Structures are given as C-alpha cells and as structure tokens.
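S.K.: Input: one structure, supplied below.
The values are calculated or read from the model by the stated rules, or taken from the named source; none is laboratory data. It should be emphasised that the depicted structure is a prediction, and the values quoted were computed from it without experimental measurement. Because the Cβ atoms are built from the backbone with ideal geometry, glycine has one as well, and the counts that use them run over all protein chains shown. Surface accessibility is based on the protein's heavy atoms, side chains included, excluding ligands, DNA and RNA. Shrake-Rupley method; radii C 1.70, N 1.55, O 1.52, S 1.80 Å.
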Amino acid sequence: VEGIVTAVASNRVWVDIGNGKFTGIISSKELTEAGISMPEFKVGDKIVASVVEQENDDGFIILSIREALRNRGWNSLEEHYKTGAVIVAKVIEANRGGLIMEADGVRGFLPVSQLTPAHYPRVGNDKDEILSKLAKFENTNLEVKIIGLDKDINKLIFSEKAAKQEEFDALTSKIQVGEVLTGKVSGVVDFGIFVNFGELEGLVHISEISWDKVADPRSFAKVGDKLPVQVIGIEGDKISLSMKRLIEDKWL
C-alpha cells in the first residue's frame, strides 16, 4: 500500500493510508532483526509498504518496509531474468560451494562453477582452500546474470560466466580448433593444468597431458611456466587444450 508519513517516533513510524481511512504503523524492530537501518522518514514523505497484519488490538494496520523493499526487488529481478540483463550484485558471504550475493534487496547464490575462469579458485578439491579463495570476494561487486529464479521457493541463482558469455564468444572467435598456442600456466590441480592466454584461459585435462599414465599433473608443469598447447575444443565458456597431441602417439 501507499501512504503518507504523519509522525515519526524513535521506534516506529505512523502512516496515513487512504486519506484518513486507515492508520498504519512501521516498527523499527523488524528492520533491526534483519540488520537493516530504519530509513530517515520525515512527516509528509510518501512511502510504499506491505501489510503484514490488517488490524492489531488497537485498530492499527501493521506495515513492513522490509517486505515492500523485498517485493519490489523480486519484481525487478524477474524482469532482469526475462530479459537476460547483466546486473551488479554484491557478495555478502562466501561458503565452500560458492558466493551468497544480494541484488535489489534479495539474496541469492552464485555456485563456484558459475564464476569466470579469472575468478575460479584453482586449488583442486580442498574445500578449506576454496573457501579461503572465495572469501576474498566478500563486500565486492560482480557483474552477473540471473540463471534461475522462483520467488515461491525463494530461489535466486546468479552466474558470472553467463554475464561474460558475449565477451568470451568475441575473444574465442579469434582462435580455431586445432590451432597451437603458447600460454602461461595459471594453475595446476588434481584434474589438470590451467593455461592463460591474456584474456582467455583453457584447461589441459589430466587425460590430455601425456600418452603415458599421469599420476599427478604437478609433475608436468608449475605456475608461471610457458607451455605450448593445442586447442581441441571450444564449447560454451570452456576451452579444452592438449599437450600430448603435440607429440607423437607412441601407441600407434
């Protein structure tokens, strides 16, 4: 509902609704519990709030600014989801699976798999190390797209990769499958070797390192090494590379 502020006290705000037909109350308690500061309302301000109780024992309507902000946020996010717009979201907290983020007053989740290669933690499967890397993003902003949204079950999923897809496509259009490139090793993990080519990065999967059995990719390269590789696939946001295809297959 829309109303006009008629009085402001230390812990509540009085609102006229419908030109005197109803009086509503906004309590600072609901905002304090959510860790939100009460906006600095002034008498005469026009505000929008959600009705959380139609009438209390004293005959007043109980209003919520928090719910109004949240509802407005969902409406805005639903529009962004439909149009595929790139938005800016703030990282609130990191956990082992990804980042908890907030946009338009609504919190959602960005799985670690939806980070761009530049931000993806290259630390293998060590959950504590992944958390340590992700924690560096707290209180920063990232450009993202919404890839999943369901207000009824409070589901909001973000993707940084999707927000950068057009940029990625433009860059990968300059390279071809089969091309041989030289890049710098940016990470070595249990499942392979990450190789950086400036604005692009690819992965030499453990199966593409050598024609022999590979027990540990770390015995084949270290961060900072320059490495010649062959591009063997470009799909979605992934560039697949090979080291072994640059040498003769002795199994032939």
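S.K.: 5 Å is the cut-off here: which amide hydrogens, built 1.01 Å from N in the peptide plane, fall below it relative to GLY187, excluding neighbours closer than 5 in sequence?
M.R.: Under 5 Å from the amide H of GLY187: PHE194.
S.K.: For the chain, with the dipole built from +1 on Lys and Arg beta-carbon atoms and -1 on Asp and Glu ones, taken about the Cα centre, which of TRP251, TYR81, PHE191 lies farthest toward the positive end?
M.R.: TRP251
S.K.: In Å and on Cα atoms, what radius of gyration and Dmax does segment 105-241 show?
M.R.: Spelled out, the Cα radius of gyration and Dmax of segment 105-241 are 16.6, 53 Å.
S.K.: With θ set to phi - 60°, apply the Karplus curve 6.51 cos²θ - 1.76 cosθ + 1.60 along segment 95-111 and write out the HN-Hα couplings as whole Hz, x wherever there is a Gly or Pro.
M.R.: With the stated coefficients, segment 95-111 comes to 9, 5, x, x, 10, 8, 10, 10, 9, 6, x, 10, 8, x, 10, 10, x Hz.
S.K.: Quick one: which residues, 5 or more positions from ASP237 or on another chain, have an amide H under 5 Å from its amide H? H modelled 1.01 Å from N in the peptide plane, none for Pro or chain starts.
M.R.: none
S.K.: Compute the distance in nm between two label points, each set 7 Å from the Cα along the Cα-to-Cβ direction, one at PHE109 and one at GLU166.
M.R.: So the label points at PHE109 and GLU166 sit 2.9 nm apart.
S.K.: Take GLU248 and THR83, extend 7 Å from each Cα along the Cα→Cβ direction, and tell me the distance between the two endpoints in nm.
M.R.: About 6.0 nm separates the two model spin labels.
S.K.: Restricting to lysines 8 or more places apart or on different chains, can you count the pairs in segment 99-224 with Cα atoms under 17 Å from each other?
M.R.: Taking segment 99-224 as the scope, the lysine pair count is 6.
S.K.: So, R0 is 30 Å and r is the distance between the beta-carbons of ARG72 and GLU129; what FRET efficiency does that work out to, to 0.05?
M.R.: 0.15
S.K.: With all protein chains present, how much of the accessible area of the chain (probe radius 1.4 Å) comes from carbon and sulfur, to the nearest whole percent?
M.R.: Answer for the chain is 48 percent, counting heavy atoms of protein chains only.
S.K.: Further, regarding this structure: Report, for the chain, the % of DSSP beta bridges that are antiparallel, rounded to 5.
M.R.: Of the beta bridges lying entirely in the chain, close to 90 percent run antiparallel.
S.K.: For segment 189-226, state which trypsin sites (Lys or Arg not before Pro) are in a DSSP loop and have at most 12 other beta carbons lying within 10 Å of their beta carbon.
M.R.: LYS213, LYS222
S.K.: Near the amide H of ILE147, under 5 Å away, which other amide H atoms are found, from residues 5 or more places off or on another chain, if H is placed in the peptide plane?
M.R.: For ILE147, the qualifying residues are ILE157, PHE158, SER159.
S.K.: Subtract the Cα-Cα distance of ALA118 and THR6 from 0.36 nm times their separation in residues, and report this length gain in nm to one decimal.
M.R.: So the extension gain works out to 35.1 nm.
S.K.: What translational diffusion coefficient, to the nearest whole µm²/s, does segment 5-146 have by Stokes-Einstein, given a Kirkwood radius computed over alpha-carbon pairs, a temperature of 25 °C and 0.890 mPa s viscosity?
M.R.: 138 µm²/s
S.K.: For ASP225 and ILE92, what does the FRET efficiency come to when R0 = 25 Å and r is the distance between their Cβ atoms, rounded to the nearest 0.05?
M.R.: 0.10
S.K.: Using unit Cβ charges (K, R positive; D, E negative) and no other charged atoms, how large, in debye to the nearest 20, is the dipole of the chain about its Cα centre?
M.R.: Once rounded to the nearest 20, the dipole reads 620 debye.
S.K.: Tell me, what ³J(HN,Hα) does each residue in segment 161-176 have, in order and in whole Hz, if you take phi through Karplus 6.51 cos²θ - 1.76 cosθ + 1.60 with θ = phi - 60° and put x for Gly and Pro?
M.R.: 4, 5, 5, 9, 4, 4, 5, 5, 4, 5, 6, 6, 5, 8, 10, 10
S.K.: Same structure, new question: Kindly report the accessible area of the chain per residue (heavy atoms of protein chains, probe 1.4 Å, no ligands, DNA or RNA), in Å².
M.R.: Averaged over the residues of the chain, the accessible area is 58 Å².
S.K.: Per 0.36 nm of contour for each residue apart, how much would the distance between ILE175 and ASP212 grow if the chain were fully extended, relative to their Cα-Cα spacing?
M.R.: Result for the pair: 10.5 nm of gain on full extension.
S.K.: Continuing with the same structure: Hey, what did segment 98-208 get for relative contact order, percent, Cα under 8 Å, at least 6 apart?
M.R.: RCO, segment 98-208: 21 percent.
S.K.: Could you order PHE194, PHE22 so the one with the most accessible surface comes first? Probe is 1.4 Å.
M.R.: Descending accessible area places them as PHE22, PHE194.
S.K.: Here is a follow-up. Remind me, relative contact order of the chain in percent, using alpha carbon pairs under 8 angstrom and six or more residues apart?
M.R.: 11 percent
S.K.: For a quick check of understanding: with a 1.4 angstrom probe and all protein chains in place, what accessible area in square angstrom does ILE100 have, to the nearest ten?
M.R.: The accessible area comes out at roughly 40 Å².
S.K.: If you don't mind, there's one more thing I want to ask. Ranked from the most accessible area to the least, with a 1.4 Å probe and all protein chains present, what is the order of GLU40, GLU129?
M.R.: Of GLU40, GLU129, the descending order of accessible area is GLU40, GLU129.
S.K.: Any chance you could look up the accessible area of TRP14 with a 1.4 Å probe, heavy atoms only, rounded to 10 Å²?
M.R.: Its heavy atoms expose roughly 70 Å² to the probe.
S.K.: Let me ask something additional. Put LYS133, LYS82, LYS42, LYS244 in order of accessible area, largest first, 1.4 Å probe: what do you get?
M.R.: I get LYS82, LYS42, LYS133, LYS244, largest accessible area first.
S.K.: Return the calculated 222 nm mean residue ellipticity for the chain, to the nearest 500 deg cm²/dmol, obtained by summing -39500 (n - 2.57) across DSSP H runs with n ≥ 4 and dividing by the residue count.
M.R.: It lands at -5000 deg cm²/dmol.
S.K.: Would you mind checking the radius of gyration and Dmax of the chain based on alpha-carbon positions, in Å?
M.R.: 26.1, 89
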